[in-house]
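Have a look at the structure below, then the notes.
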Amino acid sequence: MNFLITAGPTREPLDPVRYLSNRSSGKMGYALAEAALELGHAVTLISGPVALKAPDVAVLHRIETAQQMWETMQHLIATAPPDIAICTAAVADYRPKFPQFQKIKKDTEALTLELERTPDILGSMRSLFGYKGLLIGFAAETENFIPNAQSKLQRKGCDLIIANDVSRTDIGFDSESNQVTLCYADGRLEELPKLSKRELAIIIIQRCQK
Ligand code: PMT
């Protein structure tokens, strides 16, 4: 099967030297890409800026911003739609509305930034890109994990959403391990124990194969 996986953070420029981003290391997304390869699948990876060695995927698209990830995804869904898409990336939800072409000078005591929403890549897959394959998202939550994840699953037309508690420092962002609950479209929940991201990735890819 063909997998298309997004990984890592996006960076939303404020000026030529500053950006808004988040703590995603790319480890979860890269582990999924490696697990899919190990289980004999073809993988295309869209990656935000990370410090990881690129896995041996068929195609690697490196992007910086949410807009670039959105455009790359739209192009791939139109030209080479995968059997399974997994959106692991921690896409910035907001970006500076007026990024500056020159470095912002610190000549005022305070600075107010106006932010605007970035495009919702996972949320565009069904409604705008017309994607028909298996669609898997992650839900990074700090409270009400399962209801919040289930609501994202419905809003974004996913078959499976992976609820991830990102309030803990031993799992989630930039850690070696993760602990998640798989929330299926039919309402079933599968709670998994704390595992290395590699072990967890193998289980997730196996669930996709069913
Ligand atoms: O990279 P690591 O350090 O290994 O950390 C892994 C992780 C914590 C980033 C990962 O396990 C995870 O939870 N990824 C989802 C992060 C996220 O942005 O969650 P969210 O609940 O804000 O978004 C819900 C879903 O919509 C996600 O599938 C996200 O990729 C997608 N999204 C969000 C915003 C946006 N503008 N476009 C999107 O496609």
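The values are calculated or read from the model by the stated rules, or taken from the named source; none is laboratory data. Keep in mind that this is a model prediction, so the values were computed, not measured. Virtual Cβ from ideal backbone geometry, glycine too; neighbours counted across all protein chains shown. The accessibility values were calculated without ligands, DNA or RNA, using every heavy atom of the protein model including side chains. Shrake-Rupley method; radii C 1.70, N 1.55, O 1.52, S 1.80 Å.
Worth a mention:
- For the chain, the dipole from Cβ point charges (+1 on Lys and Arg, -1 on Asp and Glu) about the Cα centre works out to 240 debye, to the nearest 20.
- Taking the DSSP bridge list for the chain and keeping only pairs wholly inside it, about 40 percent are antiparallel.
- Highest mean first, the peptides 51-60, 78-87, 104-113 sorted by other C-beta atoms within 10 Å per residue fall in the order 78-87, 51-60, 104-113.
- Taken one residue at a time, the phi angles of region 66-77 give Karplus couplings (6.51, -1.76, 1.60, θ = phi - 60°) of 4, 4, 5, 5, 4, 5, 5, 4, 4, 5, 5, 5 Hz. Gly and Pro are set to x.
- Accessible surface area normalised per residue over region 83-210 is 57 Å², counting heavy atoms of protein chains with a 1.4 Å rolling probe.
- Extension gain from Asp170 to Glu190, taking 0.36 nm per residue of separation minus the Cα-Cα distance: 5.2 nm
- Sum of side-chain charges, His41 neighbourhood, beta-carbon under 13 Å (Lys, Arg +1; Asp, Glu -1): -4
- The share of accessible area on region 116-210 that comes from carbon and sulfur is 47 percent, using a 1.4 angstrom probe.
- With a Cα cut-off of under 24 Å and a minimum spacing of 8 residues unless on different chains, the lysine pairs in the chain number 17.
- C-alpha long axis of helix 197-209 to longest principal axis of the chain, angle in °: 60 degrees
- Built from the Cα atoms of region 67-210, the convex hull projects on average onto 11.3 nm², one quarter of its surface area.
- Percentage relative contact order, region 133-210, counting C-alpha pairs under 8 Å, at least six apart: 23 percent
- Cα shape, region 29-86, gyration tensor, a/c 1.5 rule: oblate
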